[in-house]
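The values are calculated or read from the model by the stated rules, or taken from the named source; none is laboratory data. Every value quoted in this text rests on a predicted model; they were computed, and no experiment measured them. Because the Cβ atoms are built from the backbone with ideal geometry, glycine has one as well, and the counts that use them run over all protein chains shown. Ligands, DNA and RNA are excluded from the accessible area calculation, which covers all protein heavy atoms including side chains. Shrake-Rupley method; radii C 1.70, N 1.55, O 1.52, S 1.80 Å.
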Amino acid sequence: STISKNSLKASLLQLECHFTWNLLKQDVSLEALEETIIDHIKFVKISNITDYNMLSYVCHLKNSNEEALRNLEKAEEAVQKHHPDEIARRSLVTWGNYAWIYYHMERYEEAQTYVSKVENICKKLSSTAHWKTQLPEIYAEQGWAFLRFGNNYFEKARNCFENALKSEPDNPDFNAGYAIAMYRLEDLAQKYGGAISRSLEALKRAVELNPNDTIIMALLALELQRIKQANEGESYIEEALQKTPDLPVFLRYAAIFYRKKGDVNKAVEILKKALALTPNSIVLHHQLGLCYKHKIFQLKNTRYTPQEEVDNLIQLAIFHFKTVIDKKSLYFYAHYDLANMYALGKRYEEAEETFQEVLHRNDLPCADKQELYFHYGNFQHFHMKSESKAIEYYIEGLKMEKDSCGRNKCRAAVERLLKQKIESGLGDATDIGTLGLVHKLTGKKQEAIECYKKAIVLDPNNEEYQNALCELQLSI
């Protein structure tokens, strides 16, 4: 064609849009993401431009470029409706996406047309570099895209919203995005270890600037609950329930609030309502499963456990967790939730199968793998009555050096198990040596040395213990 493909590609890489933001499809479940965005468009009427742009990118990742173009047309309609005075400025990301999709469809003339459109607007808008226009709404759109793509992107999302806020510190949308990113980062730090920076101030400010954003109100309530100010939190939830009784995302957070409060029946009632509105939502199925699990443990702690009711709840929980997994979601913890439910229902083969499915995956982040070893160790210990296998898997979790919630659980579980055996007089050299290894892995050198010395007394020819002892003594 008359346009050189290479120079076109070079220009495309300069555009600010979903295709240049490094959003990798292995980090999300495309089906689930698509459903989430479609639900968002249906129930949240405001930020449709962002949603349609995102949806068009998801369609492209699913190899339906025609569908992607249709969503970009909808994004353009939304710009005309909401920003009739700033059409060019508000369309830069959309036009960038158009250029890339036409390029992938090998319609190079049309791709070039959109590249030129963006180029001309950028020249008008910015006196400096003609390409990279540092517009706050582009930073924000990038931030919302990052929030949609999961854990690995939350840090980047926060930086984007910080940049957007530099130009417009009172913009309600930018403040909302920033607060959500802060909340998610705090959540991750709680789960996986790491420095915790509180999201409270950011959430309060976002709610002040936009008192009708009930999703932010719900996150503020959850944050207040987390820092033991649940009563104040609940008043936000109650107010938001009045404002948006039919907004599924809000209802999901409200349900989490009530489940954590211990009011599981109310949580279930809210989740059923949300599920009626968005029947395909993976997150809602997972939350319902968690509620039934919670109820099972409540009933098991009563004096006369109503077995029939427990069995019924196990069936329900299995149904919802299985729904999550069948949708090929990346909700990896739904696997061990499901496995644990099978185990409670004495369906041990299915539990084993479900665990094995994830134990064989090599794409799991370290902290998730450690959490998995903890759950599988528990399964071996409490259901299969195999202490040796339990110990083996807890230690697998410890051998992964990265500090995390899961690693701490493995450490506590294996220490408790070994100390019980040793203190009851049933422990042999192997148990004492293993406890030495646990101490060594958790950096308690002095305790490790003591254990290895005791183990060698009981098993003098064991080279493994002698080498370990030697190594420890040299390292002190």
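For the range 379-415, a residue qualifies if it is more than 27 Å from the chain's Cα centre (by Cα) and among the aliphatic types (A, V, I, L, M), and the qualifying residues are MET384, ALA390, ILE391, VAL414. When restricted to residues that are over 18 Å from CYS291 (Cβ atoms), in contact with a Leu (Cβ under 9 Å, 6 or more places away or on another chain) and open to solvent by 40 Å² or more (accessible area, probe 1.4 Å), the range 236-262 contains 3. Just to be sure before I move on: is GLU186 under 22 Å from the mean Cα position of the chain (by Cα) and of a type in the set (Asp, Glu) in the structure I sent? Against the criterion (under 22 Å from the mean Cα position of the chain (by Cα) and of a type in the set (Asp, Glu)), GLU186 qualifies. Anything in the range 351-376 that is part of a helix (DSSP H, G or I) and either aliphatic (A, V, I, L, M) or in contact with an Asp or Glu (Cβ under 7 Å, 6 or more places away or on another chain) (or both)? List them, or say none. Those that are part of a helix (DSSP H, G or I) and either aliphatic (A, V, I, L, M) or in contact with an Asp or Glu (Cβ under 7 Å, 6 or more places away or on another chain) (or both): ALA351, VAL358, LEU359, ALA367, LEU372, TYR373.
Listed here are the residues, each with its yes/no results for (1) closer than 22 Å to TYR465 by Cβ; (2) surrounded by 16 or more Cβ atoms within 10 Å (Cβ to Cβ); (3) basic (Lys, Arg); (4) out of contact with any helix residue (DSSP H, G or I) (no Cβ under 7 Å at 6 or more places or on another chain).
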site	(1), (2), (3), (4)
MET400	no, yes, no, no
ASN408	no, yes, no, yes
VAL414	yes, yes, no, no
LEU418	yes, yes, no, no
GLU423	yes, no, no, yes
LEU426	yes, no, no, yes
ALA429	yes, yes, no, no
THR434	yes, yes, no, no
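The residue that is least open to solvent (accessible area, probe 1.4 Å), among those in the range 289-306 that are touching a helix residue (DSSP H, G or I) at 6+ places or on another chain (Cβ under 9 Å) and among the polar types (S, T, N, Q), is THR305. Listed by position, the helices (runs of 4 or more DSSP H) inside the range 1-105 whose residues that are within 23 Å of GLY150 (Cβ to Cβ) number at least 2 are 30-43, 48-61, 65-82, 92-104. If the condition is being over 16 Å from LEU313 (Cβ atoms) and either of a type outside the set (A, V, I, L, M) or surrounded by 22 or more Cβ atoms within 10 Å (Cβ to Cβ) (or both), then the range 263-288 contributes ASP263, LYS266, ILE270, LYS273, ALA274, THR278, PRO279, ASN280, SER281, ILE282, LEU284.
Listed here are the residues, each with its yes/no results for (1) modelled with pLDDT of 95 or more; (2) crowded, with 22+ Cβ neighbours inside 10 Å; (3) farther than 15 Å from GLU137 by Cβ.
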{"site": "ALA10", "(1), (2), (3)": "no, no, yes"}
{"site": "SER29", "(1), (2), (3)": "no, no, yes"}
{"site": "ALA32", "(1), (2), (3)": "no, no, yes"}
{"site": "LYS45", "(1), (2), (3)": "no, no, yes"}
{"site": "TYR57", "(1), (2), (3)": "yes, yes, yes"}
{"site": "LEU61", "(1), (2), (3)": "yes, no, yes"}
{"site": "GLU73", "(1), (2), (3)": "yes, no, yes"}
{"site": "GLY96", "(1), (2), (3)": "yes, yes, no"}
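When the criteria are applied in full, PHE19 meets the requirement of being buried (at least 19 other Cβ atoms within 10 Å of the Cβ), of a type in the set (Phe, Trp, Tyr) and modelled with pLDDT of 90 or more.
Of a type in the set (Gly, Ala, Ser), over 30 Å from PRO460 (Cβ atoms) and at pLDDT below 95 - does that describe any residue in the range 401-411? Yes: the range 401-411 contains one or more residues that are of a type in the set (Gly, Ala, Ser), over 30 Å from PRO460 (Cβ atoms) and at pLDDT below 95.
Within the bounds of the range 367-375, is there any residue that is surrounded by fewer than 16 Cβ atoms within 10 Å (Cβ to Cβ) and among the aliphatic types (A, V, I, L, M)? Scanning the range 367-375, I find no residue that is surrounded by fewer than 16 Cβ atoms within 10 Å (Cβ to Cβ) and among the aliphatic types (A, V, I, L, M), so the answer is no. Under the condition of being outside any helix (DSSP H, G or I) and either among the small types (Gly, Ala, Ser) or touching a Phe, Trp or Tyr at 6+ places or on another chain (Cβ under 8 Å) (or both), the residues counted in the range 288-331 number 1. In the range 109-131, of all residues being of a type outside the set (D, E, K, R), open to solvent by 60 Å² or more (accessible area, probe 1.4 Å) and under 17 Å from ILE87 (Cβ atoms), the one that is modelled with the highest pLDDT corresponds to THR113. The residues of the range 157-183 that are closer than 16 Å to ASP213 by Cβ and open to solvent by 60 Å² or more (accessible area, probe 1.4 Å), listed by number, are ASP170, ASP173. Could you say whether any residue in the range 138-153 is of a type in the set (S, T, N, Q), closer than 30 Å to LEU92 by Cα, surrounded by fewer than 18 Cβ atoms within 10 Å (Cβ to Cβ) and not assigned by the TED database to the domain that holds LEU55? Looking through the range 138-153, at least one residue is of a type in the set (S, T, N, Q), closer than 30 Å to LEU92 by Cα, surrounded by fewer than 18 Cβ atoms within 10 Å (Cβ to Cβ) and not assigned by the TED database to the domain that holds LEU55.
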